[in-house]
Amino acid sequence: MTGLLMLALQWLLACAGSALAGLLAWALLNGAARRWPALRTRSDVWLAAQIVIAAAALPPFLPRVEQISVTPRITLAPADIAPAPMPGAPGAAAPRPHAATGIRPGPAPRPDPAISAGIQQVRAADGAETDIIARPGTAPPTSDITLWLAAIWLSIYAAGLAWSGARLLRAHRLWRALLAGAQRLSPQALRDHGAFSDTQLREIAQRNLTVLRTEAAVSPMLIGVYRPRLLLPARLDALTREQQHMIVAHELHHLRNRDPLRLATASFLRTIFWFNPALRWMARQMAWALELHCDQHVLAGRPQQQRKQYAAALIQQWTAFAPAGAAAFGGATITARLRGMQQNSLPTLSGAVTWMIAAALSFIVALTAMLQPALAYAPHVLPVATVAAPEQAWRAPLDEVRVTSFFGVRRSVLPTPHKGIDFGAAKGTPVHATAGGTVIAAGPIAENDGRYGNTVIIDHGAQRSLYAHLDSVNVTPGQYVQAGQLIGTVGQSGFATGPHLHLEVRENGRIIDPATKLANLDAYATPRALKVRRQQKG
């Protein structure tokens, strides 16, 4: 159930990002088209805008969106997470031993109200209780209302997707029915038919294009994406040979430009993002631009008499075919098409304007990504093993734990026992504070002959935690951090044979095993790490 709620909340944010990108892109392109009318003839711009709107839905599903987001993180708290009274407060339950370690926390001092205000107690799957400290500027766990809204939207979206998919399926069945009832023209029938010039016949043969003739009242069209088929209505026979040649040339130009693939892409995006009206508007603009380019290609260099014949053929087809065939005109009105035919060429868009619009669309993608909050799930925090005070709950420094070397083992690269625990991770993986405290060092340190590389040291009171070999550092000395706050990223700085995080814990100046603070690390250890520890202890 929790996974479904997380998915619902992610998709709610994705849809909101897509809607925002659609609004911004519509405002941008609508205003730009008023200033530069040539923009309406650029099908690539309208297709790019649709892809931008779809891309704006991706950030909630990216693993490191918190590194680019400027909004507070949203913490997902399932139904079994609820604020609990602090130990020692009226109504608080007595401390229980941790299920994995059997250690019972001792009496805790009265917490600082400024710290305990951000603490919630989490009941883990094994019955142990874990304290979660919200990071500064981070929203508290989402309320039931937020989760229910996300679930309701997921239901509404699923219903809308089913409706939109049903419409697409009906259209697909219509085209299949048209193809099933059409007559395939053999190469000899094509040569005998007057609608094709010699050049067109050669191109049809080279492309292995299937041509069909139908009695249905439709417009000439290409059906299919990977292997398009040219469907010609029987009414085409009533046109002159020159008019038929021009109409076939129009469809063949669509084929050469791979326009069926562009239209199919737009149709797919409209189905997935059925709630976004900007996509429908942009798809109509793109289809119109495609038709205008094909018209101009057919009419290039032709005299006015042939232009009039082409326009007359277009009008005749427009008035003859059924409403289902209107999709071939991409939503453009016959009047607008005729105005475009009167021009010797389409207006051009300068390179500077094209690059400016491309930059603006890129900015929209970046902006929506920056405004997307990162999501976190509270129970992913490791349970507390031993805590000096409830507000100093310890959690794993990485979201995905993989222990590659335990405390105290001897390694071939150094003669001394290992002073901490190594966590394997890729370079750039976020590193979080294991507990709240004050940063006392951030960056390269001289300790251990500089072998630690980029390091963060946090003072938690009775203990200090050290995070070594970082690639980047996100905190500064003197800064107070909360448990789970981003402090840097995994790297290979200093003396390290590969990217990993080296974690040390010091208590009253003495190095102790971090496993006493983080329970059940064996479950996250590699077989080699377990084997080395077992052999050296045995």
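The values are calculated or read from the model by the stated rules, or taken from the named source; none is laboratory data. Keep in mind the model is a prediction, meaning the values are calculated, not measured. Note: ideal-geometry Cβ built from the backbone for every residue, glycine included; neighbour counts use all protein chains shown.
The table for this structure:
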{"quantity": "Every pair of residues 6+ apart whose Cβ atoms lie under 8 Å, when the first sits in region 302-316 and is assigned to a helix (DSSP H, G or I) while the second is among the basic types (Lys, Arg) and modelled with pLDDT under 80", "calculated": "LEU314/ARG337"}
{"quantity": "VAL505 being buried (at least 20 other Cβ atoms within 10 Å of the Cβ) and touching a Lys or Arg at 6+ places or on another chain (Cβ under 8 Å)", "calculated": "yes"}
{"quantity": "Subset of region 157-194 [within 28 Å of ALA8 (Cα to Cα) and more than 33 Å from the chain's Cα centre (by Cα)]", "calculated": "none"}
{"quantity": "Residue within region 415-437 that is modelled with pLDDT under 90 and among the β-branched types (Val, Ile, Thr) present", "calculated": "yes"}
{"quantity": "ALA16 being outside any helix (DSSP H, G or I), under 15 Å from the mean Cα position of the chain (by Cα) and among the small types (Gly, Ala, Ser)", "calculated": "no"}
{"quantity": "Qualifying residue in region 379-395 (condition: among the aliphatic types (A, V, I, L, M) and at pLDDT 75 or above)", "calculated": "no"}
{"quantity": "Failed criterion for PRO477 (all others in (1) surrounded by fewer than 17 Cβ atoms within 10 Å (Cβ to Cβ); (2) closer than 23 Å to PHE406 by Cβ hold)", "calculated": "(2)"}
{"quantity": "Qualifying residue in region 446-460 (condition: within 18 Å of ARG395 (Cβ to Cβ), surrounded by fewer than 20 Cβ atoms within 10 Å (Cβ to Cβ) and in contact with a strand residue (DSSP E or B) (Cβ under 9 Å, 6 or more places away or on another chain))", "calculated": "yes"}
{"quantity": "Residue in region 213-223 that is closer than 30 Å to ALA159 by Cβ, of a type outside the set (S, T, N, Q) and under 28 Å from the mean Cα position of the chain (by Cα) present", "calculated": "no"}
{"quantity": "Hits in region 206-221 (condition: over 30 Å from GLN305 (Cα atoms) and either surrounded by 17 or more Cβ atoms within 10 Å (Cβ to Cβ) or of a type in the set (Ser, Thr, Tyr) (or both))", "calculated": "LEU209, THR210"}
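Okay, residues lined up against (1) crowded, with 18+ Cβ neighbours inside 10 Å; (2) more than 25 Å from LEU147 (Cα to Cα); (3) at pLDDT below 95; (4) in contact with a Cys (Cβ under 8 Å, 6 or more places away or on another chain):
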| residue | (1), (2), (3), (4) |
| --- | --- |
| LEU12 | yes, no, yes, no |
| ALA16 | no, no, yes, no |
| ALA38 | no, yes, yes, no |
| LEU76 | yes, no, yes, no |
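So that you can scan it fast, the table gives a plain yes or no per residue for (1) buried (at least 18 other Cβ atoms within 10 Å of the Cβ); (2) in contact with a Phe, Trp or Tyr (Cβ under 6 Å, 6 or more places away or on another chain):
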{"site": "ILE223", "(1), (2)": "yes, yes"}
{"site": "ASP237", "(1), (2)": "no, no"}
{"site": "ASP259", "(1), (2)": "yes, no"}
{"site": "THR265", "(1), (2)": "no, no"}
{"site": "LEU269", "(1), (2)": "yes, no"}
{"site": "PHE275", "(1), (2)": "no, no"}
